[in-house]
Every structure is written in structure tokens, then in C-alpha cells.
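The numbers here are math on the coordinates, done by the rules we state, and not lab data. Everything quoted here is computed from the prediction, not taken from an experiment. As a convention, Cβ positions derive from the backbone with ideal geometry for all residues, glycine included, and neighbour counts pool all protein chains shown.
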Amino acid sequence: MKKLLFVILAFSMLISCKEKQKKITGETSGNLPAGFEAFYKKFHQDSFYQIEHCVFPMEGLPDQADSSLNTAGFRWTPENWRMHKELSDTSSGMKRTWDIISDQMVNERMLNEQQGIGMERRFAKMNDEWYLIYYVGVNQYRKH
Amino acid sequence: MIQKAIHAHTILAWSELEEVPGCNKDDEAFVREKNIHHPLKQKQFYAGRRLLRSLVGAEAVINYDQYGGPIVANKRNAEVSLSHSANMVACAYSDIAIGIDIQQADEKFERVKFRFMSSDELSESEKTNRADYVQFCWSAKEAMFKAFRKGNINFRQQLMPNIPLDELDLDEFESTGHLIIGNKLIAMRLNYYKHDSYTIVSASFDASKY
């Protein structure tokens with residue numbers, strides 16, 4: 001479990017450092033790079049488009065990751081990928097935060113502060129197309 | 001427009017975009033609200049909603065559930081599904097859980113098949129060497145996924161359409177597919193159709209039994 005917390009903490013610190021350099025943070029989608037919103041909508045509405053726009057094997061963590069899993073080497077692949085539907089803030093009780101790392105990279109966090117759970121996804125633009133490149137499923141999180 | 005009644009209370013329909021008449025102010029407002037600008041997307045959107053109303057009734061108020069699937073807000077026990085591909089639109093109307101998918105033939109299915117087909121299905125695909133098998137496999141899984149509605153499904157491991165290979169040359173056929181949720185096996189009736197270069201598959205099941 002300590003190892004897992006370390007991985008999550010280390011990743012969060014990495015994000016924080018990068019954010020200090022070049023992030024534009026907004027809780028609304030107003031500042032998102034051009035073309036990202038259309039991609040995001042299609043990613044959730046069109047399953048085929050979704051599996052075409054995931055970069056496998058993808059780093060991240062499964063839902064409810066715990067010490068019984070070898071999470072350090074965990075990768076999302078077509079074997080374990082579960083199709084994502086769009087989570088609305090109201091129906092999920094989660095609060096969405098966008099971190100715009102650059103015009104080519106966007107980080108999305110969904111947090112339910114009451115329950116202390118959250119998920120995280122990172123999207124990157126490569127060859128003029130957006131892709132999902134990182135996904136941490138719903139897990140307990142610690143405030144920093 | 002082609003219509004098929006697959007059992008007493010389930011009707012499927014598909015049509016070319018131009019064939020579907022009528023217009024609705026709610027649909028126009030929705031297109032503005034959701035910023036649907038692309039002309040083909042607009043055409044597909046309008047055609048889908050019109051085709052759905054032609055089955056459900058002109059008074060149908062079409063909305064979307066929390067998973068993004070269409071619902072008829074002013075009619076009880078009305079399960080609906082919509083799909084479009086290129087110049088065609090398909091819809092399904094039932095009193096049990098229903099999903100429909102239409103796809104125009106495209107080499108993209110072959111290119112991405114390793115991402116959605118199980119190892120058994122991939123073996124069958126190699127043996128048969130038929131593009132329509134791969135396309136039907138995608139459509140069947142997508143229809144099952146839509147019928148289940150809730151998402152969070154692995155296409156390779158949890159959706160097993162069981163496509164009857166010896167019936168692939170027929171214009172229409174059916175099978176019983178299975179969705180695996182934990183230790184539960186949900187049986188779905190799958191109906192397969194060919195229309196020119198398009199495949200259409202519907203998946204239906206009685207959700208009250210699970």
C-alpha cells in the first residue's frame with residue numbers, strides 16, 4: 001500500500017511541478033485548446049473512435065488499486081480497457097478540474113471530496129489528433 | 001425506409017438520410033445548444049430523431065440519459081436506440097432494453113480488430129478471412145454495449161456475440177450473444193442485417209430478469 005501511495009504521490013508532484021511551469025487552470029472548459037472539446041465529445045459518444053484514440057499500452061492505475069496488484073507495472077491494454085462514458089459532474093457527485101499543461105496536453109481530474117475519491121486522465125495531441133495517454137481509475141486520494 | 005419487427009414489441013428501421021421527412025423545432029434548438037455545426041452531423045442528427053418519431057409517435061420528446069443514450073421522456077416503457085453511419089441512419093424502439101448499430105463497410109474495422117475482438121474471434125476472423133465478419137462483430141458488440149447503456153465494458157472480454165459463420169451470406173440472421181458482468185451472464189438476442197455496404201445489428205434483452 002505504501003508503494004502505491006508513493007506512486008500516486010510521485011505522479012501528483014510531477015504534475016504540480018509541470019503545472020507551475022506552464023499550466024492555465026480552469027474549472028470550466030473555457031480555456032481548453034481549440035478542437036479539444038469536439039474530440040472529448042466524440043471520444044465518449046463514439047466507441048470506435050474511443051478505442052482508436054487510446055494509446056495502448058497506457059500508463060495509469062485500475063479502479064480501486066491496492067497493494068495486492070502489481071500497480072507499478074500496470075498498463076491499460078485492449079485486454080483490460082473498459083469503454084468510458086462521459087461522467088457528468090451532477091450525476092457522479094464529482095467535481096471536474098482541467099489543467100491545461102500546454103496546447104498539446106490536457107489533464108482532467110474528477111474528485112469527490114466528500115468521499116475522498118477521484119480519477120485522472122491525460123490527453124495529448126499527436127500528429128494533429130488528440131489521444132488519451134494516461135488514466136488512473138477511481139481511487140482514494142490524499143489532499144496535498 | 002426499411003422496417004423490421006423482430007418480436008411483438010420491438011421495431012427496427014433504417015433509411016437513407018434524404019428519405020426521412022419532417023422537421024422539429026426542439027431538434028433545431030438542440031442543434032444550436034450543442035453546437036452541432038458540421039452539415040453531415042446535423043443531417044444525421046435530424047434524420048435520426050425524425051426516424052425515431054416515425055416509430056414512437058410525432059409527439060415523442062427525445063432526451064438523453066446520464067450515459068448519453070436517447071430516451072423518450074414522455075412515454076413509459078419506451079426503450080430506444082439510434083445509430084448513424086455515412087448516409088444512413090437506423091433506430092430501434094422496444095419495451096425491453098435495446099441497442100442498434102449501423103456501419104458502412106470500412107477498412108478501419110480490420111485495422112483495429114485487435115482492440116475489440118477476443119482471441120477466439122480473431123482466430124475465426126483469420127480462418128474466414130471475411131471483412132463482413134469483423135464488421136458484424138464490431139456492430140454486434142456496439143449494439144450490446146448500447147443495450148446495456150451503463151458503459152464500463154471491455155469489448156474483448158465481456159461481449160460475446162457468437163456470430164453464426166455459416167449464415168454470413170444471408171441477408172438477415174440472428175444469434176444469442178452474451179454480456180459478462182461479474183459472475184452474471186446476460187443473454188441478448190442479436191438480429192443481423194445487410195443493406196448494400198452497410199451492416200445493421202440490434203441487441204435486445206429483458207433487463208428486469210437481471
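General remarks:
- Compactness of region B:102-209 was expressed as the Cα radius of gyration divided by 2.2 N^0.38 Å, which yields 1.00.
- Summed residue charge, Cβ within 13 Å of B:GLY68's Cβ, Lys/Arg positive, Asp/Glu negative: +4
- Among A:HIS84, B:HIS9, the ranking by other beta carbons within 10 Å of each residue's beta carbon, starting with the fewest, stands as B:HIS9, A:HIS84.
- Region B:102-209 - percent relative contact order, Cα under 8 Å, separation 6 or more: 28
- For region A:103-142, the relative contact order works out to 37 percent when only alpha carbon pairs closer than 8 Å and six or more residues apart are counted.
- Fully extended contour minus Cα-Cα distance, from B:VAL112 to B:GLU59, at 0.36 nm per residue: 15.0 nm
- Across region A:32-42, coupling constants 3J(HN,Hα) worked out from phi with the 6.51/-1.76/1.60 Karplus curve, θ = phi - 60°, read 5, x, 4, x, 5, 4, 5, 4, 4, 5, 5 Hz, and Gly and Pro carry x.
- If a spin label sat at a point 7 angstrom from the Cα of B:LYS43 along the line to its beta carbon, the backbone N atoms of region B:70-105 nearer than 19 Å would be those of B:83-91, B:102-105.
- The Rg/Rh ratio for the protein assembly as shown is 0.98, where Rg is the radius of gyration of the alpha carbons and Rh is the Kirkwood radius.
- From most to least packed by mean Cβ count within 10 Å, the peptides A:53-62, B:147-156 give B:147-156, A:53-62.
- On the basis of the beta-carbon distance and an R0 of 45 Å, B:ALA207 and B:ASN35 show a calculated FRET efficiency of 0.85.
- Peptides B:133-146, A:102-115 ranked from most to least packed, by the mean per-residue count of other Cβ atoms within 10 Å: B:133-146, A:102-115.
- Note on A:76-83: average number of Cβ atoms from other chains within 10 Å of each residue's Cβ is 6.
- Sorted by Cβ density within 10 Å, fewest first, the residues B:THR176, B:THR199: B:THR176, B:THR199
- Potential extension, B:ASP196-B:ASP95 segment - 0.36 nm per residue separation minus Cα distance: 33.5 nm
- With a 10 Å cut-off around each Cβ of B:138-149, the average count of Cβ atoms from other chains is 1.
- Between region B:12-81 and region B:184-210, the C-alpha centres lie 21 angstrom from each other.
- Whole-number percent relative contact order across chain B, with pairs defined as alpha carbons under 8 Å at least 6 apart: 17
- Applying D = kT/(6 pi eta Rh) to region B:2-101, where Rh is the Kirkwood radius over alpha-carbon pairs, T corresponds to 25 °C and eta to 0.890 mPa s, the Stokes-Einstein value obtained is 180 µm²/s.
- Over the C-alpha atoms of region B:25-160, the Rg to Rh ratio, Rh being the Kirkwood estimate, stands at 1.01.
- Mean partner shielding of peptide A:130-141, defined as the number of other chain Cβ atoms within 10 Å of each residue Cβ, is 0.
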